[in-house]
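Here's the structure we're looking at; comments come further down.
The values are calculated or read from the model by the stated rules, or taken from the named source; none is laboratory data. Here the structure is a predicted model, which means the values were calculated and not measured. Note that we place each Cβ from the backbone using ideal geometry, even for glycine, and neighbour counts take in every protein chain shown. Ligands, DNA and RNA are stripped out before the accessible areas are found, and what is left, the full protein with its side chains, is counted by its heavy atoms. Shrake-Rupley method; radii C 1.70, N 1.55, O 1.52, S 1.80 Å.
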Amino acid sequence: MGKFPENFMWGGATAANQLEGAYQTNGKGLSIADAMPGGKERMSILMSPEFDWTIDEEKYVYPNHHGIDYYHHFKEDIALFAEMGFKCYRFSIAWSRIFPKGDENTPNEDGLKFYEEVIDTCLSYNIEPVVTISHYEMPLYLAKEYGGWKNRALIGFYERYATSLFERFIKKVKYWMTFNEINSAFHLPVLSQGMIPITGSTNKKNLFQAFHNQFVASSLAVKKAHELRSDSQVGCMIIYATTYSYDCNPINELETLLGKQEFNFFCSDVQVRGKYPSYTNRLLKKYELSLADLLIEEDDYSILAENTVDYIGFSYYMSAVVDITKKQDKTKGNLMQTIRNPFLDTSEWGWQIDPTGLRIALNELYDRYQKPVFVVENGLGAVDTVEKDGIHDTYRIDYLRQHIDAMSGAIDDGIDLMGYTPWGCIDLVSASTGEMSKRYGFIYVDLDDQGQGTANRMKKDSFSWYQQVIASGGEER
Ligand code: BG6
């Protein structure tokens, strides 16, 4: 099996809204994540026609308000990452810590200072920061007053925000990503586009307009980063769900191909190749639309063409199955539902575990774009039990080991793989359900779904296992 390169970026990944807490500290404004109730009903509440971003603390808990209080613990948390041997740490910046409402002219100095300390702490351990500019946490004000990303005004606000980050941090931070899981909006426009039914999330024209605005904003960020630091690396970031036809029926195979073009590839095709793909008209026609229905300015096309991303970051948790010929059993997945694959097991949350699918994903992406790929999220959300003698998360070790095997296979296949940052390297609030009990970490955090507990950190068995994986360059796993 393929050897991991010397400079392989082993690390872990988190997002500001899911761990920082301190949701109104030192000038931070509310973000959309602060208005998301916790619990398994989270997504159905957000998608209900009545939901209007009102925060109702009598009725719901809001786990993102407190996260794991990383805001006050980041030094000890990063020290633990360093103890595991992290070469890099992927984290996001909370837009509303820098621009509390989103449309201000000047950034909040306290917000910048906080991230400066985070970055400096990483650098003091030789941990390379990998920064996501927007990870499911746009300022709530932009979602409420501007209706989210369908509004072209957001391009300018995002450009100002990204520019403030680059001006302050780009000398210290080489690796960036513009939008987390940009394509997730095909299933759920709320998280990455800040749109809900009352602001038009169910209207496909708004979905594609929001995508267009995000593509232009992303390219403007790439442009600025490259101007300020010529060797900076800015990536796109997509959810990748390797997708299989249920059988060899050609009509299922065709549907699989068309579905992949839409969900897996549409966004990265634009961000990597700098233009709308050849199937765009067919795709838009499906929704009775064409590019002419969108507000696109003349310059947009050259901005997209001239400022493509440097690498492809993606999350990979599960694979999906397509069958349009009959009714099949469904199971849950990362922000989507899919048909059950008889060859795969599922996690406790119903996500289908498929390490080989990761090797396929790496091949499909690299073959398509011939640009470096980076697995920036992967992992098993599971309930952990604290025993008298520790937390024995062998199921997590098995999951990660099999996915590392798959990456090693992909390296053998000739893939230019930059690194691996498993998700939620320290337990944090789940994005889809707001639960704490859905844990991904190497480090356990003593908090429950109601936010009760000591918030103490404890190493799980996977902690020393991952430490050994990194120390051996992936050989001992
Ligand atoms: C990805 C997101 O979809 O998956 C993360 O980028 C998220 O924010 C992760 O936490 C795992 O999903 P969940 O719903 O289990 O937290």
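Taken together, the residues in the stretch 174-217 that are crowded, with 22+ Cβ neighbours inside 10 Å and touching a strand residue (DSSP E or B) at 6+ places or on another chain (Cβ under 7 Å) amount to 12. Checking the stated criteria, G102 turns out to be more than 19 Å from G451 (Cβ to Cβ) and surrounded by 23 or more Cβ atoms within 10 Å (Cβ to Cβ). S319 meets each of the listed conditions (1) closer than 30 Å to Y175 by Cβ; (2) away from the ligand (no atom under 16 Å from the Cβ) apart from (2).
Take the conditions touching a strand residue (DSSP E or B) at 6+ places or on another chain (Cβ under 6 Å) and within 16 Å of the ligand (Cβ to nearest atom) and apply them to G441. Does it pass? Criteria met by G441.
Consider the stretch 418-435 and keep the residues that are touching a helix residue (DSSP H, G or I) at 6+ places or on another chain (Cβ under 8 Å) and surrounded by 24 or more Cβ atoms within 10 Å (Cβ to Cβ). The one that is farthest from A455 (Cα to Cα) is Y420. When M458 is tested against (1) among the aliphatic types (A, V, I, L, M); (2) open to solvent by 10 Å² or more (accessible area, probe 1.4 Å); (3) touching an Asp or Glu at 6+ places or on another chain (Cβ under 8 Å); (4) within 16 Å of the ligand (Cβ to nearest atom), just one condition goes unmet, and that condition is (4).
Could you go through the stretch 101-108 and let me know if any residue there is under 21 Å from K171 (Cβ atoms) and in contact with a strand residue (DSSP E or B) (Cβ under 6 Å, 6 or more places away or on another chain). No, there is no match, as no residue in the stretch 101-108 is under 21 Å from K171 (Cβ atoms) and in contact with a strand residue (DSSP E or B) (Cβ under 6 Å, 6 or more places away or on another chain).
Out of E297, E288, E306, E364, one residue alone is open to solvent by 20 Å² or more (accessible area, probe 1.4 Å) and in contact with a Gly (Cβ under 9 Å, 6 or more places away or on another chain). It is E306.
Is it the case that E159 is assigned to a helix (DSSP H, G or I), within 20 Å of the chain's Cα centre (by Cα) and surrounded by fewer than 19 Cβ atoms within 10 Å (Cβ to Cβ)? So E159 passes the test.
Across the stretch 370-379, the qualifying residues are those that are open to solvent by less than 20 Å² (accessible area, probe 1.4 Å) and not polar (S, T, N, Q), and the one among them that is farthest from the ligand (Cβ to nearest atom) is V373.
Of the set (1) out of contact with any Gly (no Cβ under 7 Å at 6 or more places or on another chain); (2) closer than 30 Å to M47 by Cβ; (3) modelled with pLDDT of 95 or more, all apply to V376 but (1). Taking the conditions exactly as written (within 16 Å of the ligand (Cβ to nearest atom), in contact (Cβ under 8 Å) with a residue 24 or more places away in the chain, among the hydrophobic types (A, V, I, L, M, F, W, C) and touching a helix residue (DSSP H, G or I) at 6+ places or on another chain (Cβ under 6 Å)), does L358 satisfy them or not? Against the criterion (within 16 Å of the ligand (Cβ to nearest atom), in contact (Cβ under 8 Å) with a residue 24 or more places away in the chain, among the hydrophobic types (A, V, I, L, M, F, W, C) and touching a helix residue (DSSP H, G or I) at 6+ places or on another chain (Cβ under 6 Å)), L358 qualifies. The residue pairs whose first member lies in the stretch 415-436 and is closer than 20 Å to Y366 by Cβ and among the small types (G, A, S), whose second member is open to solvent by less than 10 Å² (accessible area, probe 1.4 Å) and within 12 Å of the ligand (Cβ to nearest atom), and whose beta carbons are closer than 9 Å, counting only pairs six or more residues apart or on different chains, are G419/R90; G419/V376. The criterion of being under 19 Å from the mean Cα position of the chain (by Cα), buried (at least 19 other Cβ atoms within 10 Å of the Cβ) and within 16 Å of the ligand (Cβ to nearest atom) holds for Y89.
For G419, the criteria (1) part of a strand (DSSP E or B); (2) within 16 Å of the ligand (Cβ to nearest atom) hold in every case but one, which is (2). Just need a number here: residues in the stretch 335-361 that are charged (D, E, K, R) and either open to solvent by less than 20 Å² (accessible area, probe 1.4 Å) or under 18 Å from the mean Cα position of the chain (by Cα) (or both). Selection size over the stretch 335-361: 1. Here V234 meets each of (1) touching a residue at least 60 places away in the same chain (Cβ under 8 Å); (2) part of a helix (DSSP H, G or I); (3) open to solvent by less than 10 Å² (accessible area, probe 1.4 Å); (4) not small (G, A, S) with one exception, condition (2).
Residue-level analysis places Q328 among those that are open to solvent by 10 Å² or more (accessible area, probe 1.4 Å), among the polar types (S, T, N, Q) and more than 16 Å from the ligand (Cβ to nearest atom). From the list D384, D413, D393, the lone residue that is open to solvent by 20 Å² or more (accessible area, probe 1.4 Å) and charged (D, E, K, R) is D413.
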